[in-house]
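The values are calculated or read from the model by the stated rules, or taken from the named source; none is laboratory data. This structure is a prediction, so every number in the text was calculated from the model and none was measured. Note: ideal-geometry Cβ built from the backbone for every residue, glycine included; neighbour counts use all protein chains shown.
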Amino acid sequence: LDLDVASALPQLDLPPTPEPERYTANDHVTADVSRLMSGETDDRAANLAERLHEIDTRDSEVVTSPGAPPRVPLTEGTDPAQLNEQINEGVTQSRAMRDEAAQAVINGPGPEQAQPIALDEAYPVDELVQPEIVAPEMPTEPQAYLEMGLPPEVQTAFDQQQQAAMENSLAEARTQMDEASAERDQQRAAAVAEAQAQAQEQSEQADEQQRT
């Protein structure tokens, strides 16, 4: 509601305030203070304080009450009942909006179509390609070495001389095995990531279908 309070306020015709007359109730205090300026200091102070307490600060002839308050007519913007009307209109509007929102939910697709899609479905994963590991050819030199029947001290000396070469050969074999294992892990991780991406894409498509 649009309320024009300013135009609804009553215009009161108040009489002009009269000019106050001269206040003479404290004239004797001035004369007493002039007489108290003589004598001892302590006596003057005590007498002066006593006279100051006698100063009258009220004038019974001055009217300080504005009188009885004027009666304000309860019309248009000055009617408090209109506040209750605004409150009732606001409550009614809020309830209407609440009912409209509830009806929109009832008229919606329904809870059976708004359920999230289960993501525990099984998705086929392509068979992992296992890297082909070629078995190394067995060297013939060790067997020929054993068939020579060398004394133990000679074998020990030979092992000491060829230790570095044998360790290098073992390190190369370990490197090949590690590379084959890493390649297999990479292929497996790529297959799992692809399956997860497909599942996410299907979930997004199903969610988009529900929204439309």
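Which residue is surrounded by the most Cβ atoms within 10 Å (Cβ to Cβ), if the candidates are limited to the range 115-143 and must be at pLDDT below 70 and aliphatic (A, V, I, L, M)? Give the derivation first.
To start, the set of residues in the range 115-143 that are at pLDDT below 70 comprises 115-121, 123, 136, 138-139.
The next check asks that each one be aliphatic (A, V, I, L, M); those that pass are 117-119, 138.
Numbers: ILE117: 13, ALA118: 7, LEU119: 10, MET138: 8.
Across the range 115-143, the extreme among qualifying residues is ILE117.
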Exercise. Taking into account only those residues within the range 52-100 that are among the β-branched types (Val, Ile, Thr) and part of a helix (DSSP H, G or I), which is surrounded by the most Cβ atoms within 10 Å (Cβ to Cβ)?
Worked result: THR78
Problem set entry | Residue list for the range 173-212, filter: of a type in the set (Gly, Ala, Ser) and within 43 Å of the chain's Cα centre (by Cα) | ALA189, ALA190, ALA191, ALA193, ALA195, ALA197, ALA199, SER203, ALA206
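Mind telling me which of the residues LEU146, LEU170 ends up being at pLDDT 75 or above and more than 42 Å from the chain's Cα centre (by Cα)? Give the derivation first.
On the way: LEU146 fails: at pLDDT 75 or above.
Within the list LEU146, LEU170, the selection yields LEU170.
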